[in-house]
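The values are calculated or read from the model by the stated rules, or taken from the named source; none is laboratory data. The model shown is predicted, which means the values in this text are computed figures rather than measured ones. Note: ideal-geometry Cβ built from the backbone for every residue, glycine included; neighbour counts use all protein chains shown. Calculation scope for accessible area: heavy atoms of the full protein, side chains included, ligands and nucleic acids excluded. Shrake-Rupley method; radii C 1.70, N 1.55, O 1.52, S 1.80 Å.
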Amino acid sequence: MNQKTCVFCRILRREVPAKLVYENDQVLAFEDVNPVAPVHVLIIPKEHIGSINEISPLHDGLMGQMVTVAKEIARKQNIHETGFRLVINNGVDVGQSVFHLHMHVMGGRAMAWPPG
Ligand code: DGP
């Protein structure tokens, strides 16, 4: 997967439409096209990073910011008190289907644990 064909890079370039939720100089957040919860937002870095396997300590600030942005999105969507789940799938075994790092922010309904 290169940046030309990566669907999330295409969303970043506004070549593929998405319902944008938040943007700053490092990250973009938008609604998941196949929501599995009443609130289901994806937060992606603007840098094309394939997965958690590719991050280094240089990305510590970015990863922290993704969590901070997730918290703010949860607050704005009013799921911060009822509960929300942050998920980063890493690899095919756990269901990663888009190889541009992304954090799922999901909430608005009860969820089981452990995940399937
Ligand atoms: P994962 O399985 O963790 O790789 O999650 C990928 C998510 O990305 C999946 O929930 C569906 C979402 N997705 C895939 N393509 C698009 C798209 O073109 N637009 C939007 N908004 N979401 C997408």
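At a glance:
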{"quantity": "Qualifying GluC sites (Glu not before Pro) in segment 1-46, DSSP loop, other Cβ atoms within 10 Å at most 13", "calculated": "GLU15"}
{"quantity": "Accessible area per residue in Å² at 1.4 Å probe, computed on segment 33-116", "calculated": "58 Å²"}
{"quantity": "Farthest toward positive dipole pole in the chain [+1 Lys/Arg, -1 Asp/Glu at C-beta], among MET111, GLN65, VAL92", "calculated": "MET111"}
{"quantity": "Table column - 3J(HN,Hα) (Hz), segment 104-115, Karplus curve with 6.51, -1.76, 1.60, x for Gly and Pro", "calculated": "7, 10, 10, x, x, 7, 6, 10, 7, 9, x, x"}
{"quantity": "At most 12 other Cβ within 10 Å, DSSP loop - GluC sites (Glu not before Pro), segment 45-91", "calculated": "GLU81"}
{"quantity": "Solvent exposure, largest accessible area first (probe 1.4 Å, DNA, RNA and ligands not counted), of SER51, SER97, SER56", "calculated": "SER97, SER56, SER51"}
{"quantity": "Segment 1-108 - percent of accessible surface contributed by carbon and sulfur, probe 1.4 Å", "calculated": "52 percent"}
{"quantity": "Label point distance in nm, GLU23-SER51, each placed 7 Å from Cα along Cα→Cβ", "calculated": "2.9 nm"}
{"quantity": "Calculated on alpha-carbon atoms, Rg and Dmax of segment 1-64 in Å", "calculated": "12.3, 34"}
{"quantity": "Three-way shape call for segment 21-116 based on the alpha-carbon gyration tensor, with the a/c threshold at 1.5", "calculated": "oblate"}
{"quantity": "Cα→Cβ-extended label distance, 7 Å offset, between SER97 and ARG10, nm", "calculated": "1.5 nm"}
{"quantity": "Principal-axis tilt of helix 60-76 within the chain, Cα atoms, nearest 10 degrees", "calculated": "40 degrees"}
{"quantity": "Chain lengthening between GLU31 and ILE88 when straightened (0.36 nm per residue, less Cα-Cα)", "calculated": "19.0 nm"}
{"quantity": "Dipole magnitude of the chain about its Cα centre (Cβ charges: Lys, Arg +1; Asp, Glu -1), debye to nearest 20", "calculated": "280 debye"}
